[in-house]
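Working notes, beginning with the structure itself.
The values are calculated or read from the model by the stated rules, or taken from the named source; none is laboratory data. Only a predicted model underlies this, so the values are computations on that prediction, with no experimental measurement involved. Glycine also receives a Cβ, built like all others from the backbone with ideal geometry; neighbour counts cover every protein chain displayed.
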Amino acid sequence: MRNWAGNITWRARATHRPASIEELQELVAGSDRVRAVGTGHSFSPIADTPGDLVWTDGLPIVLTVEDSRVTVSAAMSLGRLAEALHSFALAVPNLPSLPHISIGGACATGTHGSGTGNLASFVRSMQVVSHDGSIVTLGPEAAVHLGRLGIVTTLTLDLVPAFELRQYIYEDLPFAAAPQALGSAYSVSLFTDWKRITQVWRKSLGDDNWPGARPADGPRHPIAGMPADNCTEQLGVPGPWHERLPHFRLTHTPSSGDELQSEYFVDFKDASAAIDALTHLDLERALQISELRTVKRDAIWLSPAFGRDSLAIHFTWVSDYGVVRPAIEAVERALAPFDPRPHPGKLSLRPARRSEEFEALAARFDRTGKFS
């Protein structure tokens with residue numbers, strides 16, 4: 001069995017889809033090695049295990065809204081959760097570009113949108129099946145956990161009132177203007193081939209007459225030449241938060257999976273220098289498109305944005321790892337002076353962020369390395 005992109009073949013000796021919490025508890029207690037997988041959208045081997053691989057989407061659905069908080073099944077997709085929250089006139093402050101991925105997997109890996117904290121920064125607590133099959137509650141500091149603490153069944157997140165956004169696309173922004181542009185609307189994404197910033201996607205709370213670049217004359221896909229039909233509505237048409245924050249519609253598959261991805265977080269104070277370093281690289285053979293976004297600092301131990309407001313530098317590569325690996329090496333050399341932190345669900349040669357506090361918690365809840 002493979003992940004979404006097809007670049008990882010899982011080694012698991014057995015796969016499971018438990019139908020109840022009790023069945024999951026029994027499975028975890030009786031296994032020596034076990035990992036959970038969400039939608040399989042990670043490009044790294046983060047979900048892999050030689051033991052038991054578990055899907056939690058067969059568990060009973062949980063969705064409880066109370067006092068501007070939601071408790072939700074970890075396996076539920078972000079798009080489905082968003083639609084339900086909107087019916088309560090509530091919202092998650094931000095969403096990543098894909099609404100198809102699971103809320104549990106997105107939080108576990110520090111996945112994010114732009115302009116606010118990553119999704120995990122809105123987590124207040126998690127219910128987890130621990131190494132011995134018992135159910136424990138973990139706090140927000142462990143919300144990015146990489147599956148190391150057990151099998152998460154539900155998460156409780158803080159919410160805000162539902163809101164409307166308008167999405168505008170601009171073209172040909174000078175690199176020197178990138179840091180200022182990134183903070184100039186509710187959510188901003190800059191797309192680049194590292195020769196120029198080809199597109200600026202601005203998700204604004206009102207009308208947007210931004211003077212920073214030329215308005216696009218029609219809908220756009222982030223990758224030139226690709227049809228914009230599967231992208232969320234543009235040209236300033238107002239719509240609910242969950243139909244504008246993602247780049248792609250829930251009703252459409254964003255791509256065939258014929259790609260690889262990497263992403264690195266650097267301190268936002270180094271944004272100009274990091275961007276300049278990357279413009280000197282020749283990535284044309286390996287690169288489909290890059291995206292620049294901002295993520296606010298948090299206090300989550302394994303988060304790539306721990307302790308610093310961050311520039312997230314994303315790379316969508318071609319699907320040939322033989323071509324992509326030298327490009328990843330070049331990117332990591334160029335970013336090395338800026339202490340880049342890799343997104344753990346994407347491809348990198350650098351290790352993910354480590355934390356003594358997290359390692360102590362993992363040792364307490366998983367003494368035998370069952371979830372490692």
Which pairs do you get when a residue that is modelled with pLDDT under 75, found in the stretch 247-266, comes within reach of a residue that is assigned to a strand (DSSP E or B), reach meaning Cβ atoms under 8 angstrom, with the pair 6+ apart or on two chains?
PRO254/PHE248
Going through the stretch 260-277 one residue at a time, which ones are surrounded by 21 or more Cβ atoms within 10 Å (Cβ to Cβ) and under 14 Å from ARG196 (Cβ atoms)?
ILE275
Scope the stretch 4-40; condition under 17 Å from SER102 (Cβ atoms) and either out of contact with any strand residue (DSSP E or B) (no Cβ under 8 Å at 6 or more places or on another chain) or basic (Lys, Arg) (or both); matching residues
TRP4, ARG17, ARG35
Report yes if ILE313 is more than 22 Å from SER187 (Cβ to Cβ) and not hydroxyl-bearing (Ser, Thr, Tyr), otherwise no.
no
Answer residue from the stretch 27-56, given it is among the acidic types (Asp, Glu) and at pLDDT 95 or above and is farthest from VAL152 (Cα to Cα) among those
ASP32
Residue check, ALA143 over 18 Å from PRO246 (Cβ atoms), surrounded by 24 or more Cβ atoms within 10 Å (Cβ to Cβ) and not polar (S, T, N, Q):
yes
Residues located in the stretch 169-187, provided they are part of a strand (DSSP E or B) and either surrounded by fewer than 20 Cβ atoms within 10 Å (Cβ to Cβ) or among the hydrophobic types (A, V, I, L, M, F, W, C) (or both):
ILE169, GLU171, ASP172, LEU173
Would you confirm whether any residue within the stretch 346-357 is within 28 Å of VAL129 (Cβ to Cβ) and part of a helix (DSSP H, G or I)?
yes
For the stretch 77-87, check the following and say yes or no: at least one residue is in a loop (DSSP other than H, G, I, E, B) and not assigned by TED's automatic domain parsing to the domain that holds LEU205.
no
Mind listing just one residue for me: the one in the stretch 109-122 that is in contact with a strand residue (DSSP E or B) (Cβ under 7 Å, 6 or more places away or on another chain) and in contact (Cβ under 8 Å) with a residue 40 or more places away in the chain and, of those, nearest to ALA142 (Cα to Cα)?
SER121
Please enumerate the residues belonging to the stretch 279-304 that are in contact (Cβ under 8 Å) with a residue 60 or more places away in the chain, touching a helix residue (DSSP H, G or I) at 6+ places or on another chain (Cβ under 8 Å) and either hydrophobic (A, V, I, L, M, F, W, C) or in a loop (DSSP other than H, G, I, E, B) (or both).
LEU281, LEU283, LEU287, LEU292, LYS296, ALA299, ILE300, TRP301, LEU302, SER303
For the stretch 232-252, enumerate the residues that are over 20 Å from GLU291 (Cβ atoms) and in a strand (DSSP E or B).
GLY239, PRO240
Criterion violated by ARG333 - all others in (1) assigned to a helix (DSSP H, G or I); (2) of a type in the set (D, E, K, R); (3) crowded, with 21+ Cβ neighbours inside 10 Å satisfied:
(3)
Scan the stretch 185-204 residue by residue and report those that are of a type in the set (S, T, N, Q) and under 18 Å from the mean Cα position of the chain (by Cα).
SER187, SER189
Of the residues in the stretch 138-166, those that are in a strand (DSSP E or B), under 29 Å from LYS203 (Cα atoms) and among the hydrophobic types (A, V, I, L, M, F, W, C) come to LEU155, LEU157, VAL160, LEU165
Can you confirm whether GLY225 is free of Cβ contacts under 8 Å to residues at least 60 places away in the same chain, assigned to a loop (DSSP other than H, G, I, E, B), at positive phi and not polar (S, T, N, Q)?
yes
Single match in VAL54, VAL72 (criterion: in the same structural domain as LEU146 (by TED's automatic domain parsing) and part of a strand (DSSP E or B)):
VAL72
